[in-house]
Structures are given as C-alpha cells and as structure tokens.
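S.K.: I have a structure here, written as structure tokens, and I will follow up with some questions on it.
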Amino acid sequence: MPELPEVEVVRAGLAPAVDGARVVGVEVLDGRALKRHVPIVGDDGRGGHGVTLTSEAAAIRAADFERRLTGVVLGAPARRGKFMWIPVVSAGEATHLALLAHLGMSGQMLLRAHEAADDRHVRIRIWIDNPEHGELRLDFADQRLFGSLALDELVATDDGAPGGFVGNGLLRGAGEASAGGAGVAPALIPAQASHIARDPLDPEFNDARWAERLRSRGTGVKALLLDQSLVSGIGNIYADEALWRARLHPETPGRAVGPRKVRELLGHVREVLGQALSEGGTSFDEQYVNVNGQAGYFAHSLNAYGRGGEACPRCGAEISRIPFGGRSSHFCPKCQRQR
DNA sequence: AGCTACACCTGATAGC
DNA sequence: TGCTATCAGGTGTAGC
C-alpha cells in the first residue's frame with residue numbers, strides 16, 4: 001500500500017509528537033509485527049521475511065523490543081523511500097539506535113490519546129510522553145502483517161550524505177526544502193534500510209547514475225521502477241501513473257528507452273510523487289491513513305492505476321489491465337505502445 | 001548477476 | 001447461508 005507519498009505524510013505527522021518524547025511504555029500484542037527486529041539476547045537466529053516465527057521466537061523478540069525501547073527519548077523521524085525511522089537520542093545526542101518502521105501493504109502509525117480505544121489490527125502500542133504535547137499513544141496497526149517495527153542499528157551512509165529526509169514539515173517535491181525548515185539529517189541510516197537506493201525526491205539522488213543503470217537492463221521498465229535498489233519509494237500505483245504520463249509501455253526493456261525518454265520518465269516520477277504528496281497520498285479504503293486516521297485524496301487523480309476497462313483520460317482508448325508479478329499493471333494500449 | 005516464483009498474512013468481494 | 005477463489009498499496013530469499 002503505502003508508497004513514498006503516503007509514508008512521508010505519516011513521517012511528517014509523527015514528527016511533532018515523537019521528537020523529544022520519552023517512551024514510557026511498550027506493549028507488543030502480536031510478535032509477528034517484529035519481523036525485522038533482531039533481539040540482542042536470546043537471538044533465535046531467524047530473521048527476515050518468508051520465515052514463520054515460532055511463538056517462542058516471537059515472544060523473545062517482543063520481550064527484547066519492549067525492554068530496550070522503554071525509557072528512551074526519541075528524535076526527529078527520517079525517511080528514505082518507504083522506510084521510516086525515529087532515532088533514539090540520549091541527552092539530545094543521537095545514539096547508534098533507531099526505531100525502524102516499514103508499513104508493508106497495510107501498516108499504519110496512529111497517534112491517539114493515551115487512554116483512547118484501540119483501532120482495528122493494532123499490533124504494537126507505544127506510550128510516549130512529549131514535554132509539549134503531553135501523553136500520547138503511538139499505535140502500529142497492520143492488517144496483513146507485511147509491515148514491521150524494529151530496533152535497528154544506525155550505520156554510516158556509504159556516500160557520507162544524509163541518510164534520509166528529515167523535516168519539520170511535509171516534503172514538498174523534487175529536492176525542495178521542507179515546509180517547516182529542514183532539519184539537519186545525519187549521514188546515518190538503519191542497517192536494514194541501507195541496501196535501498198535514495199529516492200527520487202532526495203537531493204542526493206544521482207539522476208545520471210540511475211539512467212545508466214536502467215538503460216543497461218533488459219527487464220521491463222516497470223519492474224525497474226519497482227526495484228528499490230535502483231530507486232526507492234515507487235510502488236505499483238506510482239509506477240503505473242509515471243509510465244502513463246511518460247507514454248511508456250510497462251514491459252518496454254530498460255535498454256530500449258532512449259536517454260531523453262529516461263530523463264523525461266524521472267521527471268514524471270517526481271511530478272506524480274509530488275502531486276500525490278500535496279493531496280495527502282492515495283487511499284482506496286481504510287488501509288492507508290495518516291497518523292490521525294484520515295484518508296488522502298490522490299485516488300481521484302489517478303489516470304491508469306485501478307482503471308482497467310475505463311477510458312484513457314488522454315485518448316479515450318480502453319485502459320488495459322494485465323498480470324504483473326502476482327498483481328496487475330494498468331496502462332493505455334494506445335498511448336503507451338510497446339517499443 | 002539477473003530474473004522468476006513464492007512465501008509471508010488478513011479480509012473484502014464475487015461467484016457458485 | 002456458506003463455501004471457494006481471487007485480489008490487494010511490499011519485500012526478501014531460494015533457485016534457475
């Protein structure tokens with residue numbers, strides 16, 4: 001579900017509540033929401049996805065997560081692509097630890113009053129005390145459990161540039177400063193997010209390098225947009241939308257896209273991400289919501305995604321829907337010709 | 001190295 | 001009503 005714009009809406013919403021707040025309590029209701037959390041003591045040696053946690057292993061993780069997170073002070077949340085993290089600070093100084101969050105397909109970070117009733121699918125509750133805003137509850141809810149929280153080690157970025165976006169307001173668009181004044185992002189990134197590329201709205205994103213890598217591959221351009229090691233933050237919705245804007249067929253091999261067209265595609269990616277951001281992200285149902293549980297409006301602005309069988313807003317031809325890696329690609333067969 | 005298939009989950013909806 | 005199949009915004013890993 002949540003792609004870059006949705007995760008950024010959540011990150012920005014979390015910032016005023018968590019920055020400077022102390023964790024006063026942690027309760028793991030479902031240990032499966034800690035898939036990425038590796039306990040220090042009693043490590044079961046089983047990590048990552050595609051591995052079913054035994055209930056014993058899940059209990060070890062839960063206990064470790066609760067023990068180590070309780071009592072810490074949190075800093076300003078950061079984001080790269082679809083990964084988000086909140087650094088653990090001590091006496092105002094960053095430590096080597098961060099609370100890492102990935103929302104997967106259905107994850108939500110909800111800010112609620114301390115004693116508010118639970119939302120559906122809450123897996124982890126974190127009680128925080130903010131010096132300015134008082135006591136709040138940060139709930140991680142996730143229907144499908146593809147998302148997770150973890151305590152993860154912060155490592156140096158390989159290029160020495162900031163690890164991700166940190167700002168007091170919502171990121172506005174390609175390489176722009178935040179609305180509320182940019183925070184100083186340290187050159188650190190959680191180890192588990194360090195393998196993904198920078199996202200297209202990161203000022204340090206290397207356009208030429210990306211273009212070169214994309215044009216060296218025989219894979220379809222949609223699969224390349226979704227490859228988080230080439231460019232992060234793009235998912236099924238915005239891949240389809242960017243390709244529609246660029247008039248590119250999703251199965252066009254990377255090496256068949258000319259240099260000019262590749263630059264154009266990147267421009268469309270930035271444009272669609274920026275527009276979605278300004279409209280609060282894309283919500284089809286209750287699955288994607290901001291920290292207050294509210295939906296975004298960008299679903300009204302989609303041209304291709306989810307519109308199979310409808311008329312192309314540009315040429316009127318019928319939008320096609322074809323299988324793609326266990327889900328679907330949506331495109332206009334007339335304006336997005338295979339080349 | 002690059003690519004595909006699949007595993008990890010729950011729930012909504014459609015069709016019988 | 002109740003069963004089964006299909007679909008959903010993501011990612012990591014096994015295996016060819």
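The values are calculated or read from the model by the stated rules, or taken from the named source; none is laboratory data. From a predicted model like this one, the values you see are computed outputs, not experimental measurements. Ideal geometry is used to build each Cβ from the backbone, glycine not excepted, and the neighbour counts take in all protein chains shown.
S.K.: Say whether the condition of being outside any helix (DSSP H, G or I) and on the phi > 0 side of the Ramachandran plot is met by at least one residue in segment A:264-279.
M.R.: For segment A:264-279, residues outside any helix (DSSP H, G or I) and on the phi > 0 side of the Ramachandran plot: absent.
S.K.: Going through A:L201, A:L248, A:L243 one at a time, which residue ends up being in a helix (DSSP H, G or I) and not polar (S, T, N, Q)?
M.R.: Working: A:L201 fails: in a helix (DSSP H, G or I); A:L248 fails: in a helix (DSSP H, G or I).
Of the residues listed, the single one that is in a helix (DSSP H, G or I) and not polar (S, T, N, Q) is A:L243.
S.K.: Could you give every pair whose Cβ atoms fall below 8 Å, whose first residue belongs to segment A:193-216 and is touching a residue at least 24 places away in the same chain (Cβ under 8 Å), and whose second residue is within 16 Å of DNA strand C (Cβ to nearest atom) and among the hydroxyl-bearing types (S, T, Y), counting only separations of at least 6 or pairs across chains?
M.R.: A:H195/A:S229; A:I196/A:S229; A:I196/A:S232; A:A197/A:S229; A:A197/A:S232; A:R198/A:S232; A:D199/A:S232
S.K.: Now for a separate question. Would you please list the contacts, defined by Cβ atoms under 7 Å and residues six or more apart or on different chains, that run from a residue in segment A:219-230 that is farther than 18 Å from A:D202 by Cα and part of a loop (DSSP other than H, G, I, E, B) to a residue that is away from DNA strand C (no atom under 12 Å from the Cβ) and not aromatic (F, W, Y)?
M.R.: Note: pairs meeting the criteria are A:T219/A:P253; A:T219/A:G254.
S.K.: Somewhere in segment A:266-282, is a residue under 19 Å from A:A223 (Cβ atoms) and exposed (fewer than 15 other Cβ atoms within 10 Å of the Cβ)?
M.R.: The first filter runs over segment A:266-282 and keeps only residues under 19 Å from A:A223 (Cβ atoms), leaving A:266, A:268-269, A:272-273.
Those left that are additionally exposed (fewer than 15 other Cβ atoms within 10 Å of the Cβ): none.
Taking every residue of segment A:266-282 in turn, none turns out to be under 19 Å from A:A223 (Cβ atoms) and exposed (fewer than 15 other Cβ atoms within 10 Å of the Cβ).
S.K.: Just one of A:L145, A:L110, A:L149 is hydrophobic (A, V, I, L, M, F, W, C), closer than 28 Å to A:G235 by Cβ and buried (at least 23 other Cβ atoms within 10 Å of the Cβ); which is it?
M.R.: Working: A:L145 fails: buried (at least 23 other Cβ atoms within 10 Å of the Cβ); A:L110 fails: buried (at least 23 other Cβ atoms within 10 Å of the Cβ).
Unique residue meeting the criteria: A:L149.
S.K.: Could you please let me know if A:I189 is closer than 27 Å to A:D142 by Cα, in contact with a strand residue (DSSP E or B) (Cβ under 7 Å, 6 or more places away or on another chain) and modelled with pLDDT of 95 or more?
M.R.: On the way: closer than 27 Å to A:D142 by Cα: yes; in contact with a strand residue (DSSP E or B) (Cβ under 7 Å, 6 or more places away or on another chain): yes; modelled with pLDDT of 95 or more: yes.
Against the criterion (closer than 27 Å to A:D142 by Cα, in contact with a strand residue (DSSP E or B) (Cβ under 7 Å, 6 or more places away or on another chain) and modelled with pLDDT of 95 or more), A:I189 qualifies.
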